[in-house]
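Accompanying notes for the structure given below.
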Amino acid sequence: MKRIFSGIQPTGNLHLGNYLGAIRNWVRLQGEFECLFCVVDLHAITVWQDPAELTANIRKTAAAMIACGVDAERNIIFNQSQVPGHAQLAWIFNCVARMGWLNRMTQFKEKAGKHRENASVGLYAYPNLMAADILLYKATHVPVGEDQKQHLELTRDIAQKFNTDFGKPVFPIVEPLIFGPATRVMSLRDGSKKMSKSDASDYSRINLTDDADTIALKIRKAKTDPDPLPDTVEGLADRPEAENLVGIYAALAELEPEAVTSQFGGWLFSRFKEALAELAVERLAPVTAEMNRLQADPRYVEAVLARGAERANDLAAPVLREVYGVVGFLGRDGAGGT
Ligand code: AMP
Ligand code: TRP
(Lines give C-alpha, C1' and ligand atoms only; values in the text may rest on other atoms or scores of the structure.)
(Ligands and ions follow the chains in the order given, each with its own letter.)
Protein backbone atom coordinates (compact mmCIF):
# COMPACT_ATOMS: atom_id res chain seq x y z
CA MET A 1 0.00 0.00 0.00
CA LYS A 2 1.25 3.47 -0.84
CA ARG A 3 0.79 6.32 1.58
CA ILE A 4 1.80 9.87 0.75
CA PHE A 5 2.99 12.48 3.24
CA SER A 6 4.14 16.01 2.58
CA GLY A 7 4.45 19.25 4.50
CA ILE A 8 4.78 22.95 4.07
CA GLN A 9 5.93 25.60 6.54
CA PRO A 10 3.56 28.38 7.63
CA THR A 11 6.26 31.02 7.53
CA GLY A 12 4.89 33.50 5.03
CA ASN A 13 3.22 33.73 1.68
CA LEU A 14 3.15 30.64 -0.44
CA HIS A 15 4.82 31.28 -3.77
CA LEU A 16 5.04 29.92 -7.27
CA GLY A 17 7.90 27.55 -6.29
CA ASN A 18 5.74 25.94 -3.60
CA TYR A 19 2.91 25.62 -6.09
CA LEU A 20 4.82 24.22 -9.06
CA GLY A 21 7.39 22.23 -7.07
CA ALA A 22 5.06 20.73 -4.49
CA ILE A 23 1.35 21.50 -4.17
CA ARG A 24 0.42 21.02 -7.82
CA ASN A 25 1.93 17.55 -7.61
CA TRP A 26 -0.06 16.82 -4.46
CA VAL A 27 -3.23 17.59 -6.37
CA ARG A 28 -2.19 15.09 -9.03
CA LEU A 29 -1.54 12.35 -6.48
CA GLN A 30 -4.77 12.75 -4.54
CA GLY A 31 -7.40 10.16 -5.18
CA GLU A 32 -4.81 7.73 -6.44
CA PHE A 33 -3.23 7.29 -2.99
CA GLU A 34 -3.99 7.90 0.66
CA CYS A 35 -2.47 11.33 1.31
CA LEU A 36 -1.64 13.39 4.38
CA PHE A 37 -0.73 17.06 3.86
CA CYS A 38 0.57 18.91 6.86
CA VAL A 39 1.09 22.54 7.85
CA VAL A 40 4.37 22.10 9.73
CA ASP A 41 4.25 24.75 12.44
CA LEU A 42 6.72 22.91 14.68
CA HIS A 43 9.24 23.32 11.87
CA ALA A 44 8.37 27.00 11.50
CA ILE A 45 9.44 27.88 15.06
CA THR A 46 13.00 26.66 14.45
CA VAL A 47 13.46 30.33 13.54
CA TRP A 48 11.65 33.13 15.38
CA GLN A 49 7.95 33.56 14.54
CA ASP A 50 5.75 36.28 15.91
CA PRO A 51 2.90 34.31 17.62
CA ALA A 52 0.01 36.26 16.09
CA GLU A 53 1.58 36.09 12.65
CA LEU A 54 2.21 32.37 13.04
CA THR A 55 -1.45 31.75 13.85
CA ALA A 56 -2.51 33.75 10.79
CA ASN A 57 0.03 31.96 8.60
CA ILE A 58 -1.17 28.52 9.71
CA ARG A 59 -4.69 29.37 8.55
CA LYS A 60 -3.37 31.00 5.40
CA THR A 61 -1.20 28.01 4.46
CA ALA A 62 -4.07 25.58 4.95
CA ALA A 63 -6.31 27.86 2.89
CA ALA A 64 -3.69 27.95 0.13
CA MET A 65 -3.53 24.16 -0.03
CA ILE A 66 -7.31 23.95 -0.38
CA ALA A 67 -7.37 26.82 -2.91
CA CYS A 68 -4.78 25.01 -5.05
CA GLY A 69 -7.15 22.05 -5.28
CA VAL A 70 -6.16 19.76 -2.41
CA ASP A 71 -9.43 18.14 -1.39
CA ALA A 72 -10.02 18.14 2.38
CA GLU A 73 -12.32 15.14 2.26
CA ARG A 74 -10.26 12.82 0.11
CA ASN A 75 -7.01 13.78 1.89
CA ILE A 76 -6.05 14.53 5.45
CA ILE A 77 -5.12 18.20 5.73
CA PHE A 78 -3.87 19.02 9.21
CA ASN A 79 -1.60 21.04 11.43
CA GLN A 80 1.48 19.40 12.92
CA SER A 81 1.27 20.74 16.49
CA GLN A 82 -2.29 19.43 16.81
CA VAL A 83 -0.95 15.86 16.62
CA PRO A 84 1.45 15.30 19.55
CA GLY A 85 2.94 12.14 18.02
CA HIS A 86 5.21 14.24 15.75
CA ALA A 87 7.14 15.67 18.68
CA GLN A 88 7.15 12.34 20.52
CA LEU A 89 8.61 10.38 17.62
CA ALA A 90 11.04 13.21 16.84
CA TRP A 91 12.58 12.81 20.28
CA ILE A 92 13.21 9.13 19.65
CA PHE A 93 14.77 10.02 16.29
CA ASN A 94 17.01 12.60 18.01
CA CYS A 95 18.45 9.57 19.73
CA VAL A 96 18.74 7.50 16.53
CA ALA A 97 20.27 10.05 14.12
CA ARG A 98 23.99 10.71 14.48
CA MET A 99 25.61 14.14 14.84
CA GLY A 100 27.72 13.39 11.78
CA TRP A 101 24.60 12.90 9.66
CA LEU A 102 23.11 16.22 10.68
CA ASN A 103 26.42 18.02 10.26
CA ARG A 104 26.15 17.29 6.54
CA MET A 105 22.74 18.95 6.05
CA THR A 106 23.18 21.79 3.59
CA GLN A 107 19.90 23.52 4.50
CA PHE A 108 21.09 23.99 8.09
CA LYS A 109 24.36 25.44 6.84
CA GLU A 110 22.49 27.83 4.53
CA LYS A 111 19.96 28.90 7.13
CA ALA A 112 22.37 29.20 10.06
CA GLY A 113 25.01 30.87 7.89
CA LYS A 114 27.76 32.53 9.83
CA HIS A 115 25.67 32.56 13.00
CA ARG A 116 25.82 28.84 13.64
CA GLU A 117 26.49 29.21 17.37
CA ASN A 118 23.39 31.33 17.64
CA ALA A 119 21.04 29.07 15.69
CA SER A 120 18.37 27.22 17.65
CA VAL A 121 18.94 23.57 18.52
CA GLY A 122 15.60 22.98 16.77
CA LEU A 123 16.98 24.28 13.48
CA TYR A 124 19.80 21.77 13.74
CA ALA A 125 17.53 18.85 14.68
CA TYR A 126 14.84 19.86 12.13
CA PRO A 127 15.52 16.92 9.74
CA ASN A 128 14.81 14.46 12.57
CA LEU A 129 11.40 16.05 13.06
CA MET A 130 10.80 15.82 9.32
CA ALA A 131 11.63 12.10 9.44
CA ALA A 132 9.17 11.75 12.34
CA ASP A 133 6.44 13.53 10.34
CA ILE A 134 6.71 10.98 7.59
CA LEU A 135 7.37 7.82 9.57
CA LEU A 136 4.67 8.49 12.19
CA TYR A 137 2.27 7.38 9.44
CA LYS A 138 4.63 4.84 7.86
CA ALA A 139 4.27 6.91 4.70
CA THR A 140 6.03 5.39 1.70
CA HIS A 141 6.21 8.32 -0.76
CA VAL A 142 6.98 12.00 -0.23
CA PRO A 143 6.29 14.56 -2.99
CA VAL A 144 8.58 17.58 -2.52
CA GLY A 145 10.75 20.03 -4.43
CA GLU A 146 14.39 19.31 -5.18
CA ASP A 147 15.64 21.16 -2.06
CA GLN A 148 14.26 18.46 0.25
CA LYS A 149 16.12 15.54 -1.32
CA GLN A 150 18.88 15.46 1.28
CA HIS A 151 16.38 15.50 4.15
CA LEU A 152 14.62 12.50 2.63
CA GLU A 153 17.88 10.61 2.38
CA LEU A 154 18.32 11.25 6.09
CA THR A 155 14.78 9.94 6.70
CA ARG A 156 15.78 6.73 4.95
CA ASP A 157 18.93 6.46 7.06
CA ILE A 158 16.97 6.96 10.27
CA ALA A 159 14.39 4.32 9.30
CA GLN A 160 17.12 1.88 8.39
CA LYS A 161 19.11 2.43 11.59
CA PHE A 162 16.01 2.15 13.77
CA ASN A 163 15.00 -1.12 12.08
CA THR A 164 18.52 -2.53 12.40
CA ASP A 165 19.14 -1.37 15.98
CA PHE A 166 15.92 -2.91 17.23
CA GLY A 167 15.97 -5.87 14.84
CA LYS A 168 12.42 -5.24 13.60
CA PRO A 169 11.23 -3.92 10.22
CA VAL A 170 9.09 -1.18 11.80
CA PHE A 171 9.56 1.62 9.27
CA PRO A 172 9.36 1.62 5.46
CA ILE A 173 12.21 3.13 3.45
CA VAL A 174 10.56 6.16 1.87
CA GLU A 175 10.78 7.17 -1.77
CA PRO A 176 11.03 10.85 -2.69
CA LEU A 177 8.66 11.95 -5.46
CA ILE A 178 10.42 14.85 -7.15
CA PHE A 179 8.69 15.32 -10.48
CA GLY A 180 7.21 17.80 -12.88
CA PRO A 181 8.96 20.48 -14.92
CA ALA A 182 9.61 22.86 -11.99
CA THR A 183 11.26 21.01 -9.12
CA ARG A 184 13.45 24.04 -8.45
CA VAL A 185 11.99 27.44 -9.31
CA MET A 186 14.60 30.17 -8.95
CA SER A 187 14.37 33.72 -7.60
CA LEU A 188 13.22 36.34 -10.13
CA ARG A 189 16.07 38.58 -8.96
CA ASP A 190 18.91 36.04 -8.99
CA GLY A 191 18.94 32.88 -11.11
CA SER A 192 21.37 31.17 -8.73
CA LYS A 193 19.07 31.32 -5.67
CA LYS A 194 15.85 29.38 -5.23
CA MET A 195 12.57 31.24 -4.95
CA SER A 196 11.90 31.34 -1.22
CA LYS A 197 9.45 32.65 1.36
CA SER A 198 12.31 34.07 3.38
CA ASP A 199 13.97 36.18 0.64
CA ALA A 200 14.06 39.80 1.82
CA SER A 201 12.89 41.08 -1.59
CA ASP A 202 9.24 40.48 -2.45
CA TYR A 203 10.24 41.00 -6.10
CA SER A 204 12.14 37.71 -5.93
CA ARG A 205 8.94 35.65 -5.83
CA ILE A 206 5.38 35.50 -7.10
CA ASN A 207 3.09 34.97 -4.13
CA LEU A 208 -0.15 33.07 -4.54
CA THR A 209 -1.84 36.12 -3.01
CA ASP A 210 -0.43 38.60 -5.56
CA ASP A 211 -2.98 40.35 -7.75
CA ALA A 212 -2.69 40.54 -11.54
CA ASP A 213 -0.89 43.91 -11.59
CA THR A 214 1.67 42.80 -9.01
CA ILE A 215 2.37 39.57 -10.91
CA ALA A 216 2.85 41.52 -14.17
CA LEU A 217 5.11 44.07 -12.46
CA LYS A 218 7.30 41.41 -10.81
CA ILE A 219 7.72 39.55 -14.10
CA ARG A 220 8.51 42.79 -15.94
CA LYS A 221 11.17 43.60 -13.34
CA ALA A 222 12.60 40.05 -13.33
CA LYS A 223 16.32 39.94 -14.03
CA THR A 224 17.31 38.78 -17.52
CA ASP A 225 20.31 39.08 -19.78
CA PRO A 226 20.27 41.35 -22.85
CA ASP A 227 20.05 38.59 -25.49
CA PRO A 228 16.78 37.44 -27.06
CA LEU A 229 15.38 33.99 -26.27
CA PRO A 230 17.25 31.10 -27.86
CA ASP A 231 15.31 28.74 -30.10
CA THR A 232 16.62 25.59 -28.41
CA VAL A 233 16.98 24.62 -24.74
CA GLU A 234 20.71 24.12 -25.28
CA GLY A 235 20.85 27.87 -25.85
CA LEU A 236 19.79 28.38 -22.22
CA ALA A 237 23.08 27.01 -20.87
CA ASP A 238 24.83 29.59 -18.64
CA ARG A 239 21.75 31.82 -18.77
CA PRO A 240 20.14 30.95 -15.42
CA GLU A 241 17.58 33.76 -15.41
CA ALA A 242 16.45 32.99 -18.96
CA GLU A 243 16.29 29.29 -18.14
CA ASN A 244 14.18 30.00 -15.07
CA LEU A 245 11.60 32.10 -16.95
CA VAL A 246 11.35 29.52 -19.73
CA GLY A 247 10.95 26.82 -17.07
CA ILE A 248 8.18 28.73 -15.33
CA TYR A 249 6.37 29.29 -18.63
CA ALA A 250 6.70 25.59 -19.52
CA ALA A 251 5.42 24.50 -16.11
CA LEU A 252 2.44 26.85 -16.17
CA ALA A 253 1.54 25.99 -19.76
CA GLU A 254 2.20 22.29 -19.15
CA LEU A 255 4.60 22.17 -22.07
CA GLU A 256 8.12 20.84 -22.42
CA PRO A 257 10.78 23.60 -22.31
CA GLU A 258 11.68 22.66 -25.92
CA ALA A 259 8.18 23.65 -27.01
CA VAL A 260 8.62 27.04 -25.31
CA THR A 261 11.98 27.81 -26.91
CA SER A 262 10.75 26.78 -30.33
CA GLN A 263 7.64 28.98 -29.94
CA PHE A 264 9.43 32.03 -28.52
CA GLY A 265 12.97 31.68 -29.93
CA GLY A 266 14.24 35.06 -31.18
CA TRP A 267 11.77 37.10 -29.08
CA LEU A 268 13.04 39.90 -26.89
CA PHE A 269 12.55 39.29 -23.20
CA SER A 270 10.31 42.32 -22.85
CA ARG A 271 7.78 40.68 -25.16
CA PHE A 272 8.18 37.18 -23.73
CA LYS A 273 7.61 38.58 -20.26
CA GLU A 274 4.25 39.94 -21.37
CA ALA A 275 3.20 36.49 -22.56
CA LEU A 276 4.50 34.96 -19.33
CA ALA A 277 2.66 37.49 -17.16
CA GLU A 278 -0.58 36.83 -19.02
CA LEU A 279 -0.23 33.09 -18.52
CA ALA A 280 0.76 33.39 -14.86
CA VAL A 281 -2.23 35.63 -14.13
CA GLU A 282 -4.57 33.28 -15.97
CA ARG A 283 -3.33 30.26 -13.97
CA LEU A 284 -3.06 31.92 -10.58
CA ALA A 285 -6.16 34.12 -10.55
CA PRO A 286 -8.57 31.30 -9.63
CA VAL A 287 -6.23 30.18 -6.81
CA THR A 288 -5.98 33.72 -5.45
CA ALA A 289 -9.74 34.23 -5.62
CA GLU A 290 -10.38 30.99 -3.76
CA MET A 291 -7.75 31.88 -1.15
CA ASN A 292 -9.42 35.21 -0.51
CA ARG A 293 -12.78 33.50 -0.18
CA LEU A 294 -11.39 30.96 2.32
CA GLN A 295 -9.55 33.60 4.30
CA ALA A 296 -12.80 35.39 4.86
CA ASP A 297 -14.09 32.21 6.53
CA PRO A 298 -11.43 31.21 9.10
CA ARG A 299 -13.89 28.96 10.97
CA TYR A 300 -14.14 26.71 7.92
CA VAL A 301 -10.36 26.35 7.66
CA GLU A 302 -10.08 25.72 11.40
CA ALA A 303 -12.74 23.01 11.16
CA VAL A 304 -10.85 21.34 8.30
CA LEU A 305 -7.67 21.33 10.41
CA ALA A 306 -9.43 20.03 13.53
CA ARG A 307 -11.01 17.17 11.60
CA GLY A 308 -7.70 16.48 9.86
CA ALA A 309 -5.87 16.31 13.18
CA GLU A 310 -8.40 13.79 14.46
CA ARG A 311 -7.96 11.58 11.42
CA ALA A 312 -4.15 11.92 11.54
CA ASN A 313 -4.13 11.04 15.23
CA ASP A 314 -6.11 7.87 14.55
CA LEU A 315 -3.46 6.76 12.05
CA ALA A 316 -0.52 7.80 14.25
CA ALA A 317 -1.65 6.21 17.52
CA PRO A 318 -1.03 2.55 16.64
CA VAL A 319 2.36 3.38 15.06
CA LEU A 320 3.50 5.28 18.13
CA ARG A 321 2.26 2.48 20.37
CA GLU A 322 4.26 -0.01 18.31
CA VAL A 323 7.39 2.16 18.40
CA TYR A 324 7.15 2.70 22.17
CA GLY A 325 6.87 -1.02 22.65
CA VAL A 326 9.84 -1.76 20.37
CA VAL A 327 11.99 0.82 22.19
CA GLY A 328 11.01 -0.70 25.54
CA PHE A 329 8.81 2.05 26.96
CA LEU A 330 5.65 1.27 28.88
CA GLY A 331 2.54 2.21 26.89
CA ARG A 332 -0.09 4.61 28.22
CA ASP A 333 -2.07 1.62 29.46
CA GLY A 334 0.98 0.57 31.48
CA ALA A 335 1.72 -2.46 29.31
CA GLY A 336 5.33 -2.82 28.20
CA GLY A 337 7.23 -4.42 25.30
CA THR A 338 5.88 -6.14 22.22
P1 AMP B 1 8.78 25.38 2.20
O2 AMP B 1 8.36 26.67 1.58
O3 AMP B 1 10.25 25.35 2.49
O4 AMP B 1 7.93 24.96 3.35
O5 AMP B 1 8.58 24.26 1.09
C6 AMP B 1 7.36 23.57 0.86
C7 AMP B 1 7.46 22.71 -0.38
O8 AMP B 1 7.70 23.53 -1.54
C9 AMP B 1 8.62 21.71 -0.34
O10 AMP B 1 8.21 20.51 -0.97
C11 AMP B 1 9.69 22.37 -1.14
O12 AMP B 1 10.58 21.45 -1.73
C13 AMP B 1 8.88 23.11 -2.21
N14 AMP B 1 9.59 24.30 -2.68
C15 AMP B 1 9.95 25.38 -1.93
N16 AMP B 1 10.60 26.30 -2.68
C17 AMP B 1 10.64 25.79 -3.94
C18 AMP B 1 11.17 26.26 -5.18
N19 AMP B 1 11.79 27.44 -5.27
N20 AMP B 1 11.04 25.47 -6.28
C21 AMP B 1 10.40 24.27 -6.21
N22 AMP B 1 9.89 23.77 -5.06
C23 AMP B 1 10.00 24.50 -3.95
N1 TRP C 1 11.18 20.57 5.38
C2 TRP C 1 10.15 20.83 4.43
C3 TRP C 1 10.42 22.21 3.76
O4 TRP C 1 11.01 23.07 4.34
C5 TRP C 1 8.78 20.85 5.04
C6 TRP C 1 8.48 19.53 5.66
C7 TRP C 1 8.43 19.25 6.98
C8 TRP C 1 8.20 18.32 4.97
N9 TRP C 1 8.11 17.95 7.19
C10 TRP C 1 7.97 17.35 5.99
C11 TRP C 1 8.12 17.96 3.63
C12 TRP C 1 7.68 16.03 5.67
C13 TRP C 1 7.82 16.63 3.32
C14 TRP C 1 7.61 15.67 4.33
O15 TRP C 1 9.99 22.40 2.68
With every protein chain in place, what's the accessible area of residue 232 (1.4 Å probe, Å², nearest 10)? 60
With an 8 Å Cα cut-off and a minimum separation of 6 or more residues, compute the relative contact order for the chain in percent. 22
Dipole of segment 202-294 (Lys/Arg Cβ +1, Asp/Glu Cβ -1, origin at the Cα centre): which of 250, 207, 280 lies farthest to the positive side? 207
Mean separation of Cα contacts under 8 Å (at least 6 apart) over the residue count of segment 202-294, i.e. the relative contact order in percent, is 38
Search the structure for amide H atoms under 5 Å from the amide H of residue 33, placed 1.01 Å from N in the peptide plane, and list their residues when 5 or more places away or on another chain. none
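With a 1.4 Å probe and all protein chains in place, put 223, 114, 60 in order of accessible area, largest first.
Per-residue accessible area, sorted high to low, gives 114, 223, 60.
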Pick out which of 46, 214, 164 has the largest mean-square fluctuation in a Gaussian network model of the chain, springs linking Cα atoms closer than 10 Å. 164
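Can you compute the equivalent ellipsoid semi-axes for segment 202-294, i.e. the square root of 5 times each eigenvalue of the Cα gyration tensor, sorted largest first and rounded to whole Å?
Working: eigenvalues 123, 37, 21 Å².
In descending order, the three semi-axes are 25, 14, 10 Å.
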Which residue fluctuates the most in the chain, going by a Gaussian network model with Cα springs under 10 Å, if the choices are 294, 236, 16? 236
To the nearest 20 debye, segment 202-294 has a Cα-centred charge dipole, built from +1 on Lys and Arg Cβ and -1 on Asp and Glu Cβ, of 360
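With every protein chain kept in the model, how would you rank 198, 187 by accessible area, 1.4 Å probe, largest at the top?
On the way: 198 100, 187 0 Å².
Descending order: 198, 187.
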Using protein chains only and a probe of 1.4 angstrom, how many square angstrom of residue 157 are accessible, to the nearest 10? 70
39 Å tail of the calculated P(r), the chain, as % of Cα pairs: 17
From the phi angles alone, apply the Karplus equation (6.51, -1.76, 1.60; θ = phi - 60°) to segment 157-171 and give each ³J(HN,Hα) in whole Hz, x where the residue is Gly or Pro. 5, 5, 4, 5, 5, 4, 4, 6, 4, 9, x, 9, x, 6, 9
Given the options 179, 160, 232, identify the residue whose Cα lies farthest towards the positive end of the charge dipole of segment 137-241 (+1 on Cβ of Lys, Arg; -1 on Cβ of Asp, Glu). 160
Under 5 Å between amide hydrogens, which residues at least 5 positions from residue 194 or on another chain qualify, with H placed 1.01 Å from N in the peptide plane? 187
Karplus-derived 3J(HN,Hα), 6.51/-1.76/1.60, for each residue of segment 187-200, Hz, glycine and proline x: 4, 6, 9, 7, x, 9, 10, 6, 5, 8, 5, 8, 5, 4
Per residue, accessible area of segment 142-245 with a 1.4 Å probe, heavy atoms of protein chains only, in Å², comes to 48
Using heavy-atom solvent-accessible surface (probe 1.4 Å) with all chains present, what is the largest-first order of 293, 98? 293, 98
Under a Gaussian network model of the chain whose springs join Cα atoms within less than 10 Å, the largest fluctuation of 272, 93, 166 belongs to 166
In segment 202-294, what percent of the accessible surface is made up of carbon and sulfur (1.4 Å probe, ligands and nucleic acids excluded)? 50
Would you mind checking the pairs 114/149; 114/138; 194/223; 149/194; 60/273 and listing those with alpha carbons more than 25 angstrom apart? 114/138; 60/273
Near residue 142, within a Cβ-to-Cβ distance under 14 Å, what is the net charge of the other residues, with Lys and Arg +1 and Asp and Glu -1? -1
Could you compute the net charge surrounding residue 21? Neighbours are other residues with a C-beta less than 10 Å from the C-beta of residue 21; K and R count +1, D and E count -1. +1
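The values are calculated or read from the model by the stated rules, or taken from the named source; none is laboratory data. The model shown is predicted, which means the values in this text are computed figures rather than measured ones. No Cβ is skipped: glycine too gets one built from the backbone with ideal geometry, and neighbour counts run over all protein chains shown. Just the protein is used for accessible areas: all its heavy atoms, side chains included, with ligands, DNA and RNA removed. Shrake-Rupley method; radii C 1.70, N 1.55, O 1.52, S 1.80 Å.
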